[in-house]
């Protein structure tokens, strides 16, 4: 074998080692960055099952699949390029956009609270908003459009949090990490959602199967009885998570752009709680911050209800009318 060929093979082996190390670095960065977005991921997982309640069992997985496809499309085709462009050219815009998304999460969460506490007022508010889809052909289309809209905000938060957690590096590596996080989180969230929405069908099959053991039938009956309770619990958790996550994003934004007194007041409250019970200092600090985030989320969400009803809704109806007219013309 010639010396030149040996050198070439050595170079190829070196490139392969660098590529493997780079891929390993991407995987580790994606794992760390994805963990930073855990709160939003939990929110997304808890919220989504509510969009398939009321549909025939045979439509549940197709609806989850449509929402998952919309989520992946949002992340890879819209949010990933937008995040890279903004971080490179307009990095100062990321925090304000995060805060805007946080305000939307607060609005969605408080709207769900309003629906539970005062359903009549909630229905009036929904009537003001109109439909989300441009041309909904069915209730399913409208539900999917609503779910994808909410997922867009949650996905934007996930991508922005992921980008903020990445160390400075090449653009292609940031893009690759964002893509890995986007695909991994989408598969994980909607895989769990699919398991949740089909668990009662699995339970019914086990409970009525002649081949199942006594333990299997008991497990099946437990799934059938327990899933409605779990779905209600997830709805409550999802609503609370929306308000908490949204309030937390706004709180962190205020610490950057607001008066220093806000950050000092939050830190003082955390330190006071930690000093009250030193063995549980870390837990108490988190609880205090979460409670403050929740209160901020409730206030922002309550304030946004009339703004959305009297400003955003009329603007959206006007835009939708223009888009529908354009579609008909073309």
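Taking the Cβ of each residue in 148, 202 as the centre, tally the other Cβ atoms inside 10 Å and list the residues starting with the fewest.
Ranked by crowding around the Cβ, least crowded first: 202, 148.
If you stretched the chain out fully between residue 237 and residue 187, how much longer would it get, using 0.36 nm times the residue separation minus the C-alpha to C-alpha distance?
So the extension gain works out to 15.9 nm.
Between residue 323 and residue 215, how high is the FRET efficiency from 1/(1 + (r/R0)^6) when r is the Cβ-Cβ distance and R₀ = 56 Å? Nearest 0.05.
0.50
Can you figure out the FRET efficiency of residue 263 with residue 312, using R₀ = 30 Å and their beta-carbon distance, to the nearest 0.05?
0.50
Can you sort 200, 141 by how many other beta carbons sit within 10 Å, fewest first?
By the 10 Å Cβ count, ascending, the order reads 141, 200.
What does the extension gain come out to for residue 229 and residue 114, with contour length at 0.36 nm per residue minus their alpha carbon separation?
Taking 0.36 nm per residue and subtracting the Cα distance, the gain is 39.3 nm.
Quick one: if you stick a label point 7 Å off each Cα along the C-beta vector at residue 254 and residue 282, how many nm between them?
The answer from the label model is 2.7 nm.
Only the coordinates and a few stated rules stand behind these numbers; no lab work does. Since the model is a prediction, treat every value here as computed from it, not as a measurement. Cβ: placed from backbone, ideal geometry, glycine included. Neighbour counts: every protein chain shown.
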